[in-house]
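Structure first, commentary second.
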Amino acid sequence: MTASARFIGSEIYRGSSYGDWHPLRVPRVSTVMDLARALGWLPAESYIRSPRARPAALHAFHTPEYVSALLAAEEAQTVSPRIRERHHLGTPANPVFAEMYRRPATGVGGALLAGELLRQGGRLHLPGGGTHHGLPDRANGFCYLNDPVFAILSLKAHGARRVAYVDIDAHHCDGVEAGFARDPETLLVSTHEENRWPRTGAVEEEGAGQVFNLPIPSGAGDDAMALARDRMILPAVAAFRPDAIVLQCGADALLEDPQSRLAMSGHAHLGVLRALLPLAPRFVLMGGGGYNPWGVGRLWTATWGVLSGREIPERLPGSAQAVLRGLEWRGQRRVKMPPETWLTSLLDPPRPGAISDMLRARVAALEARLVAWV
């Protein structure tokens, strides 16, 4: 076990939902907490209850008008047409729900705390974080606030001059790029499915020279992520020599996730995590996308295992299996009965997948940029 690894969580995720019809109706963070405890991986001394960010703290990235609108929407449980149009609150993607301020503000509170806790180094898991689409003046893509932005700001406020942000979610981190594209002290590296919402993150985007985007073709498996890891992610981060790394580890690139058409296993994500860990003394691991309750719960528990130095078992003990057998995924027809492996293990077998010529060409183009950038 790695003594310096800590887990920031909250019970707010257990009882809150975006609505019975929304992709974020599924349990996620609470499953990770329950699985980790069932495995004996989350002793009391490793767990930190996330604070909730105060409204004024959010003004470091979000406009005061937007923060006020978000607070008012939670209190009233409704929005006017003007607020919906201006701030994208009360839309199908960003609905009004009971904890629509408190839940994302808890993620930001954990992100702000992360920078403070890592002042002297260490590792933190913030599975409730990773809301990388949030924009300064509006909600965007299920994200009301942008906690990765606040994690980067907090790390810098507490001594990390250079921060590398790596995002392996199936969707591009448009909100984080909006915040730091012109900041040469913040490296932005993203892999994401091509032609997937928000349809940003083109390979040609460079920011101030430190933005590296790799759109990955639909159907790509673990080998595509390994190619990106070895020839783009690791060389870029190593050359940047960061004081801190933030890894957004969205689970929606998994084959079983309904919100992408990528075909990876959790081994792809763990390969990136393991490779990045030695490259900076401060490390923040975040959640992100992930809409299959078994897929996201298993993956983020496995990443916590790696972060905290645990050995991932081939077969889960009965107490952990009970957590997975107790999950429900309502309002969908994709999975009638979860496969047994989803109930007895944290990882499915590797899914290598083909690597297209287009992906190889994009990686080569980014490698050429890296040479010039270094």
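Brief remarks on what is shown
- Extension reserve of the Asn195-Glu65 stretch, reckoned as 0.36 nm per residue once the Cα distance is removed: 43.6 nm
- Portion, in percent, of the accessible area of the chain that falls on carbon or sulfur, probe 1.4 Å: 52 percent
- Probing with 1.4 Å while keeping every protein chain in the model, the per residue accessible area of the chain equals 38 Å².
- Translational D in µm²/s for the range 46-191 (Stokes-Einstein at 10 °C, 1.306 mPa s, Kirkwood Rh from C-alpha pairs): 103 µm²/s
- Note on the chain: antiparallel DSSP beta bridges, both residues inside, total approximately 5 percent of the bridges counted.
- Paramagnetic label zone (point 7 Å from Cα along Cα-to-C-beta, Ala361; backbone N under 18 Å) in the range 140-179: none
- Taking the three principal axes of the alpha carbon atoms in the chain, the coordinate ranges are 53, 48, 41 Å, sorted in descending order.
- Stretching Glu204 away from Trp21 to a fully extended chain increases their span by 62.2 nm, per 0.36 nm per residue minus the current alpha-carbon distance.
- Calculated FRET efficiency for the pair Arg82/Trp373, C-beta based, R₀ 41 Å, to 0.05: 0.40
- Estimated [θ] at 222 nm from DSSP helical runs (n ≥ 4, -39500 (n - 2.57)) normalised by residues in the chain, nearest 500: -11000 deg cm²/dmol
- Mean projection of the Cα convex hull over all viewing directions, computed for the range 135-249: 6.9 nm².
- Where GluC sites (Glu not before Pro) in DSSP loops with at most 10 other Cβ within 10 Å are excluded, longest remaining stretch of the chain: 1-203
The values are calculated or read from the model by the stated rules, or taken from the named source; none is laboratory data. Everything numeric in this text was worked out from a predicted model, so none of it was measured. No Cβ is skipped: glycine too gets one built from the backbone with ideal geometry, and neighbour counts run over all protein chains shown. Note: areas computed on protein heavy atoms with side chains; ligands, DNA, RNA excluded. Shrake-Rupley method; radii C 1.70, N 1.55, O 1.52, S 1.80 Å.
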